[in-house]
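These notes concern the structure reproduced below.
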Amino acid sequence: MFQAAYGLAAARRLNVELKFDLSWYDEYSHHRQYILDRFKVNAAKATEKEIYDIVTCNASNFVSYRWNRFNRLTLKPYYQRPKVVESLEKFDINYTKIIDNTYVEGYFPSRDFFADQLGFVKDQLSFKTQPSETSRRFIEKIRTENAVAISFRLGDFLQTPFHNVASIEYYQRCIHYLAERYTDLRFYFFSDDLDWVKANFKTNHPMEFMDFNQPDYMEDLRLLTHFKFHIIPSSTFSWWGAFLAPDGGKVVLCPEHWLHPDKDMYKNHFGGKMVDYSHVLPAEWIKIPNIVAGDHYISK
């Protein structure tokens, strides 16, 4: 969704059409499903020919082709080349200055990449269908309570230590933070493994486990956007659930460290490079310590 938000904002700034390269799903759809068709997003699928023409600076004649390549590859700065690949080593706002006819590749995990188009992006990333009757009743219910969405990202994260940074104590600190400031809290649990959460996490506050939408996790995302209080792990799914919720009085508690601070732990995962995730978390979100000596991290 970060890539979509980046693209939507860039296309609107330039007043041009946005197209997505969906070829990744030809090989990896078993790992992650395409979800943007659930939203109002207005973007077409790019063809192989369209991608080739942009990346190679193709043109209708040889003179135009040579000029295009000289202009885009020599005269233009790195962020206005025909193919722009985000460097993860340093946050770079220059990526918001791309020009038309550009193929862009990256994660772009920061609100800053689309901050000037927030209203438009949020509208485009709103659901185009109505919630189910069960979801609608829950939405009405949580609007009348001090309802807290608390999310556990388990699954493959448990196999990657640089992602597995939300300890049991982190969640307890978040609950304590809210309990000191608000009354009558009710916690609604979301997870890709709710059975584990039910068996292993306890709190003295009222608890409800949101399992009625599974396996349609996009309906869980819809529900998340209706909560006022959020406790999130280092999960982009939870990030977007909190971000798309209305801003008035919203309280988001998030990990102080999005990835493990020991960068040697994960640089091999990113081709030997360090990764700068300092801009992932909005400044107004409340950072709760999550890498503390003696903490117990989730394992199975």
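What follows draws every value from the coordinates through simple rules; no lab data is involved. Note that the structure is predicted; figures quoted are calculated from it, not measured. Cβ sites come from the backbone with ideal geometry, for glycine too, and all protein chains shown count toward neighbours.
Residue 24 to residue 101: extension gain in nm, 0.36 nm per residue of separation minus the Cα-Cα distance?
On the way: separation 77, 0.36 × 77 = 27.72 nm, distance 2.03 nm.
Full-extension gain reported as 25.7 nm.
Indicate the gyration tensor shape class of region 84-152 (rounded, prolate or oblate), computed on the Cα atoms with a ≥ b ≥ c the square roots of the eigenvalues: a/c under 1.5 is rounded; otherwise a/b larger than b/c is prolate and the rest oblate. Intermediate results must be reported in sequence, preceding the final value.
Details: a/c = 3.09, a/b = 2.24, b/c = 1.38.
Since a/c reaches 1.5 and a/b is larger than b/c, the shape of region 84-152 is classed as prolate.
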**Study point:** Inter-label distance for residue 159 and residue 196, nm, one decimal - labels placed 7 Å from Cα along Cα-to-Cβ
**Key:** 1.2
**Study point:** Karplus (6.51, -1.76, 1.60) ³J(HN,Hα), θ = phi - 60°, over region 236-245, in Hz, Gly and Pro reported as x
**Key:** 5, 4, 5, 4, 6, x, 6, 5, 7, 5
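How far, in nm, would the chain grow between residue 40 and residue 203 when pulled straight, counting 0.36 nm per residue and subtracting the alpha carbon separation?
Numbers: separation 163, 0.36 × 163 = 58.68 nm, distance 3.78 nm.
Length gained, residue 40 through residue 203: 54.9 nm.
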Check your understanding: What residue among 88, 61, 106 has its Cα farthest toward the positive end of the dipole of region 2-124, where the charges are +1 on Lys, Arg and -1 on Asp, Glu, each on the Cβ?
Key -> 61
Revision key, fill the gap. With +1 on the Cβ of every Lys and Arg and -1 on the Cβ of every Asp and Glu, the dipole magnitude of region 133-288 about its Cα centre, in debye rounded to the nearest 20, is 300
Review point. Once amide H atoms are placed 1.01 Å from N in the peptide plane, what residues at a sequence separation of 5 or more from residue 256, or on another chain, have their amide H within under 5 Å of its amide H?
Key: 288, 290
Practice item. Give the long-range amide H neighbours of residue 21: residues separated by 5 or more places, or on another chain, with amide H under 5 Å away, using H modelled in the peptide plane at 1.01 Å from N. Key: 46
Exercise for review: Counting helices only, and only those DSSP H runs with n ≥ 4, report the 222 nm mean residue ellipticity of the chain as the sum of -39,500 (n - 2.57) divided by its residues, in deg cm²/dmol to the nearest 500.
Suggested key: -8000 deg cm²/dmol
Practice item. Place +1 on the Cβ of every Lys and Arg and -1 on the Cβ of every Asp and Glu in the chain, take the dipole about the Cα centre, and give the residue among 226, 71, 41 whose Cα lies farthest towards its positive end. Key: 71
Exercise for review: With Cα extents along the principal axes in Å defined as stated, name the option among [x] 69, 39, 38; [y] 68, 51, 28; [z] 73, 45, 35 computed from the structure displayed.
Suggested key: [z]
Review point. Which ordering of 235, 87 is given by a fewest-first count of other beta-carbon atoms within 10 Å?
Key: 87, 235
Review point. Under the Karplus relation 6.51 cos²θ - 1.76 cosθ + 1.60, θ = phi - 60°, what is the ordered set of whole-Hz ³J(HN,Hα) values for region 288-297, x standing for Gly and Pro?
Key: 10, x, 10, 10, 10, 4, x, 5, 10, 9
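Provide the gained length on full extension for the span residue 183 to residue 218, in nm with one decimal, where the gain is 0.36 nm per separating residue minus the Cα-Cα distance.
Values: separation 35, 0.36 × 35 = 12.60 nm, distance 2.97 nm.
So the extension gain works out to 9.6 nm.
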Check your understanding: What is the set of long-range amide H partners of residue 104 at a cut-off below 5 Å, with H atoms built 1.01 Å from backbone N?
Key -> 84
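If you take every DSSP beta bridge fully contained in the chain, what fraction is antiparallel? Give it as a percent rounded to 5.
Details: 1 of 25 bridges.
Of those bridges, close to 5 percent are antiparallel.
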**Study point:** Rounded to whole Hz, the Karplus (6.51, -1.76, 1.60) HN-Hα couplings of region 82-89, x for glycine and proline
**Key:** x, 10, 10, 10, 4, 8, 7, 6
Point to revise | For region 108-146 and region 1-26, distance of Cα centres in Å | key: 19
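Suppose every Lys and Arg Cβ carries +1 and every Asp and Glu Cβ carries -1, with no other charges. What dipole size does the chain come out with about its Cα centre, to the nearest 20 debye? Can you show the working numbers first?
On the way: 37 positive and 38 negative charges, 156 e Å.
In total the dipole reaches around 760 debye.
Taking the Cα centre as origin and putting +1 on Lys and Arg beta-carbons and -1 on Asp and Glu beta-carbons, what dipole magnitude results for region 86-196, to the nearest 20 debye?
On the way: 13 positive and 18 negative charges, 99 e Å.
My answer is approximately 480 debye.
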Study note, to complete from the structure: Note: probe point = Cα of residue 297 + 7 Å toward Cβ; backbone nitrogen < 15 Å; residues of region 149-166 passing the test are 153-166
